[in-house]
1. Can you name every residue in the range B:822-855 that is over 19 Å from A:Q264 (Cβ atoms) and at the interface with chain A (Cβ under 7 Å from one of its Cβ atoms)?
2. Does B:P831 satisfy the criteria of being modelled with pLDDT under 95 and not in a helix (DSSP H, G or I)?
3. Which of the residues spanning the range B:519-568 are surrounded by fewer than 15 Cβ atoms within 10 Å (Cβ to Cβ) and outside any loop (DSSP other than H, G, I, E, B)?
4. Just wondering, is there one or more residues in the range A:271-291 that are in contact (Cβ under 8 Å) with a residue 60 or more places away in the chain, in a helix (DSSP H, G or I) and at the interface with another protein chain (Cβ under 7 Å from one of its Cβ atoms)?
5. Just one of the numbered conditions (1) at pLDDT 80 or above; (2) touching a helix residue (DSSP H, G or I) at 6+ places or on another chain (Cβ under 9 Å) is not true of B:V417; which one?
6. Taking the stated definitions as given, is B:V572 under 30 Å from B:F421 (Cα atoms) and at pLDDT 85 or above?
7. Of the residues B:E559, B:E578, B:E521, B:E532, which single one is on the phi > 0 side of the Ramachandran plot and either under 59 Å from the mean Cα position of the chain (by Cα) or not aromatic (F, W, Y) (or both)?
8. With the requirement that a residue be within 14 Å of chain B (Cβ to nearest Cβ), outside any strand (DSSP E or B) and crowded, with 24+ Cβ neighbours inside 10 Å, what does the range A:368-400 give you?
Amino acid sequence: MMDYEKGINLIKRRDFLKQGTLGIGSIALSHLLEQDLSASGIEHPVLQHPARAKNVIFLHMVGGPSQMDTFDPKPALDKWDGSPLPEELTKGQKFAFVTPQARVIKSPYSFEPRGESGIVMSELFSHLATVADELTVIRSMKTNEINHGSGELFFHTGHGRLGRPSFGAWASYGLGTENKDLPAYVVLKDGGPVAGTSVWSSGFLSSRHQGVEFRKGQTPIHFLNTPDQTSKEERRLVVDAINGLNGQAFRHYQDPEIETRISQYELAYRMQTSVPDLVDIDSEPEHVLKQYGLRNAEGGKTRNDFARSCLLARRLVEKGVRFIQVFAKGWDHHADIYTDLPRSVGRVDQACAGLISDLKQRGLLDETLVIWGGEFGRTPMVQEHNAGTGDLTEPGRDHHKECFTIWMAGGGVKRGLTYGTTDEFGFGIVENEVHVHDFHATCLHLLGIDHEKLTFRHQGRDYRLTDVHGHVVHDIIA
Amino acid sequence: MYSILRCFTCLALFLSSFIEAFAKSAAPSFSRDIRPILSGNCFKCHGPDPEAREAEFRLDRRQSAIDADVIVPGNPAESWILDMVSSDDPDMRMPPQGDPLSEEEIDKLRAWIENGAEYQAHWAYQKPDLAEQPNVRRRSWPTSELDYFVLDRMEEAKLKPESKAKSAVLLRRLYLDLIGIPPTVEDVTAFEDDPSPKKFEAHVDRLLRSPGFGEKWAASWLDLARYADSNGYQHDDMRTMWPYRDWVINALNDGMPFDQFSIEQLAGDLLPNPTKSQLIATGFNRNVPTNFSGGTKVPEVRANILHDRVSTTGAVWLGLTLECAQCHDHKFDDISQKEYYQLYAFYNKSIQEVDQDGDGMFRKLFTGREVTVYPSDAVRQLAQQLKHDIAVEEEIIAELDEFPKGDTPEAVSEKVVLLDFEGSDPLKSSSSTRPTINSLADNVPIGGGNFAVSVRAEPVLETKGFFGAGFSFPTTDLSGITEITFWIKTDIRSEFNFQVQKNWDRRVSIFGFSNFHLEPETWTKIVAPLAEFTVPQWSIGPVDWTSVQKIQITAYGEESYDGKYIMVDNVVGATSSEQALREKRVAQLRVQLTEMQSSTMVMQDAMEPTQTHIMMRGDYTAPGDSVGTGVLESLHPLDPELPPNRLGLAQWLVDPENPLTPRVVVNRIWAEIFGRGIVTTPEDFGMQGELPTHPELLDWLAISFVENNWSIKELIKTIVLSSTYQQSSSASAVKIMKDPQNNYYSRGPRFRLSAELIRDSLLAISGLLSDKVGGPIVYPVQPDGIWKEIFGPVDETDYPTSSGEDLYRRGIYTVWRRGNPYPSMVNFDTPDRNVCTVKRDRSNTPLQALTLLNDPVYVEMAERFAKVIEGWDGSDQDKIVRSFRTVVSRQPSRRELNILMQLLEQQQSWFAVAQTLLNLDETITKS
């Protein structure tokens, strides 16, 4: 006769194997039986090969950074400045707001090779330049969508419409959590994606895989704080009473869900102290806060929500949170690449560099994949009218899906690599295209998962993050 | 022997349904055993999709497989398929990707070929078949026909049904299933004490008539209909679709047969002389999320909307995933890409529903059909009265147009007093262009008001130029008046301007007059017809007559004034023509009417619909062959008499010949009551879906459903009157080990309530629940600032928290904003309603504990419940027993009582007790 605890595990595991159709039905049962029941259900890693990364910190620059003003210099634009692009280039292309005949605008920024690897960055990234040798810059990213809502969905769920699970949810589903006291997938944001919570949705996966937003301020998780009138002592006694009564109900019904609920009340109780401690970044030493730009040279506090998110992301990684999604607002530079763009870079530059060096110093960079990028790139052509009012604006750039730049660091990617080539205008890809599906396939690969095997049966179809596409880009893997 | 052996292994290890089913007989059945193997491993390349087909044979067609020698019936040794699947050479072995077939699967294939390799059409595409009543051993147990099918399977699995649930538990279960809130203690004790054998059925009938029935059962339908109150995507603007939600609640409460329920939602607008209610029903298809963001192209938005409609129709009525056939022929089910676009063509007949909002590319707007709706019947009646009043006025105006009267008698004229200086401090409102002393005048004109104001310059105004006296008053609408009259007395002889404006607004209208021909230093009444006001050069435009805040009288001249004061008395706007008066009234009534109304989106087909083309690779910019409307060939035929539009489609879907719809519907209802469907993949009845655990039961339910005129209430009644339903949900640990998912229904259903029902139950328990049914969405308290995070219109970033009764409405009325849904409900697994959701998740997380313990909404419920308990008569123990019964209906055990008594003793707080009770697993669970 099997004991009860194992019975629960069997049920969960069985559901998973059947539901997941991961092709791992033959994994030794004895191994599964050894696993503990955890808060998030599936804790058994579905690794198909050794993982290079355990965690992901995904820094999403909401709006879509301009590649030719950041990491993909295009000196040819100086020559073309003021004239339209060759017609054969723009023919049949989708644009959001500009016309195909819009004039080219050169980048106002100078570029320089940085570090030993000589990764080229615009002058705006003075801090990131100091960790250039840790990066793989991919200049040949491509997506299918030219609007923010659908572009964000595509970047995170591999599908331009609503309803699919996000990358983080797939990671949580495939790998489970390493920390029973915290969710596997945490979302931090200073502004936020326009598609709202759908971007960290669990779609058709179990809702326990959806991203849990840690918010700014006193209540990082909704409903975390005990009501004013309740003392800590009363809360303990109430939870004890609830669990005592639930224990009685379990004796009667023998329903394993009741046991799970008992453990969730205990966990909730612990989270009420562990989460506020976790988000209390002021407890970090001065030099760390400075590293992220959260203290100025004189030690005064600076307000930068993105920097705070980066530091918090590192703390979450230390606690075993699998996937941390950070959103940074303000990268939709339709109007003004002269002053707005430097401001956006200024908000993230030091924190990104600080995050990478901090992770490295703690020996966490190797197992943490850091990703920086937006949902698409921007046109070489200028946009100088407000799309809604028609008013004249400072020169900016429109959405562009044919190519854009992201970078990655740590977690098994090569150090100091620049990958992929775009044409002289920064309009299309010439060599080594990395489609968003390929990007997803590669990230899952780094997490030890075969993107073709991480599937979920929904409405009769085995869905994947990469749908029916995606190739692992082995060239960027160290 | 084989089957006994298998049975043992199963029970000890995997209790999955199909292996169990296999255990039933040694000869493999094509549907049960073989098709899942072929479909899952082979059809992708040797199946319906010609594009993907390899080696030019099909395994989904017997003859094709035989012609290719892949299968030789009766002769496993000659059948290639066995060589291919069992090859040791990884380059040869089939399937080429993924894991090889298991020994067990290969054995099944071999046995099947040996037995003649007979094919059967997919079970779900065959009409339901009425099976004979099974012979059961425990003949006293069944009370309903359906119990025989359940018991038969139970006995095969050597399981025994649980005894009947205790009255209190059973009644609570029934309340939660039928109306979604628990019974009161009085209800429970009355039920316990009632000796009538028909008492349960009497309760069933009563609850089925309660408005709570529709409120409970609508929620799952709204998941299917992806009903929400916002557009989704970027911007996520709000929309008015709650009338559709009310339609669903009302239709369920009225017991509308499911076929009619379907037809009205899919094609209410195409019925002869559709009622407004039938139009509102078609909101079903207008619920689709819509991408309004700047750069999306209108045809792209339309294609996405129509794709959603096709796949939702497939999921809701057919239990099929049609989406796959958008880009290519379905790989598993017999659905071609052409057939997909034939279905798409039904929806492509609709008028254009989205367009660019103006020339700018920034926004889009809805251009589809809308109908006017009112927040309640009372308002509707009020609006009808208003409409009547407007019609009467307009008729009179038309008459006046034809036969104009002269000046109107005083009786019908209307006056707006702007200034009579009887307000608090008349001097505060006055100002002037030079240093002046302002005071109340020492005399007033005969026929004027009681007070007048004097503006006196010191010293004497010997210089030329302007001298003005201005007076402010509360914003006044002068749009309907025909003249302004005022009294003036001055010692200045000059040209004057009488000027009207809004404070700080540079738009001004003026009326000019002079007093050269008037008696100076006496009161004079000036009449300024509105028609004679002009816009001075220095003004940027005429005043906005709807909001006037200031008048000014200004003297101007080339000469020295020789005077020093201006006195002003009563300034009155007057309407002196009956026509103007009535027109003003009509305008006011129209504003009132607009405020009462909103409009909701409904369907309409175009007079000349767009031609539908197959989209190559699903890309709307790559049209292929043109197609007309049509249905799936593998199902029942489309009656040629039916109109080739949505109405025809709807009628085809609810044709009693349809093998899928009745099964799909009864399966979902069964799942809502038992926690899982007879087909455990309610969203997929296709080849890839699970087989029914109780096929005969499913068919019996489907046939009875159609025979009972598609009555949902009758179906639910049949189920809840069964012995299967009424079993106790407690069971031994051994039994739960044997059948953890309750596949055999050998105990009563037990699972957590939905987000809405947790809210509803706890509101009901604490005595806060409002019983108001229907109406506009409500905004219960949620954490601050969440809506500010939505990138949307500025006016929709403030969450308009409701007040009064609307704070305590049932969860189904809570606003559902797709981009940022109500957080406490999200924690209990409400879907975001971005797509049709057939099956909700039922998670068990710490966030749920935090919500019930700390969400101010639930804290308030606990506080209120504590007050209620405190107010009861009796000892502390009596109160605890009663409060326990209020939450879970049954009596507490001694131990349970002790735990609560101890808590009360320690904390001396009924709040702690109330909060504990509201947080019990059993409180938020149907047991």
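The values are calculated or read from the model by the stated rules, or taken from the named source; none is laboratory data. Because the structure is predicted, anything quoted here is derived from the model rather than measured. All Cβ positions, even for glycine, are placed from backbone atoms using ideal geometry, and neighbour counts span all protein chains on display.
1. Step one: filter the range B:822-855 for residues over 19 Å from A:Q264 (Cβ atoms), giving B:822, B:831-839.
Those that are over 19 Å from A:Q264 (Cβ atoms) and at the interface with chain A (Cβ under 7 Å from one of its Cβ atoms): B:D832, B:N834, B:V835.
2. Working: modelled with pLDDT under 95: yes; not in a helix (DSSP H, G or I): yes.
Considered against the rule, which asks whether it is modelled with pLDDT under 95 and not in a helix (DSSP H, G or I), B:P831 comes out as yes.
3. B:K525, B:V527, B:P529, B:A531, B:E532, B:T534
4. First, the residues of the range A:271-291 that are in contact (Cβ under 8 Å) with a residue 60 or more places away in the chain: A:271, A:274-275, A:278-279, A:288, A:291.
Within this subset, residues satisfying the condition of being in a helix (DSSP H, G or I) are A:271, A:274-275, A:278-279, A:288, A:291.
After this cut, where a residue has to be at the interface with another protein chain (Cβ under 7 Å from one of its Cβ atoms) as well, the list is A:271.
Among the residues of the range A:271-291, at least one is in contact (Cβ under 8 Å) with a residue 60 or more places away in the chain, in a helix (DSSP H, G or I) and at the interface with another protein chain (Cβ under 7 Å from one of its Cβ atoms), which makes the answer yes.
5. So the condition that B:V417 fails would be (2).
6. On the way: under 30 Å from B:F421 (Cα atoms): yes; at pLDDT 85 or above: yes.
Criteria met by B:V572.
7. Numbers: B:E559 fails: on the phi > 0 side of the Ramachandran plot; B:E578 fails: on the phi > 0 side of the Ramachandran plot; B:E532 fails: on the phi > 0 side of the Ramachandran plot.
Just one listed residue meets the conditions, B:E521.
8. A:E375, A:F376
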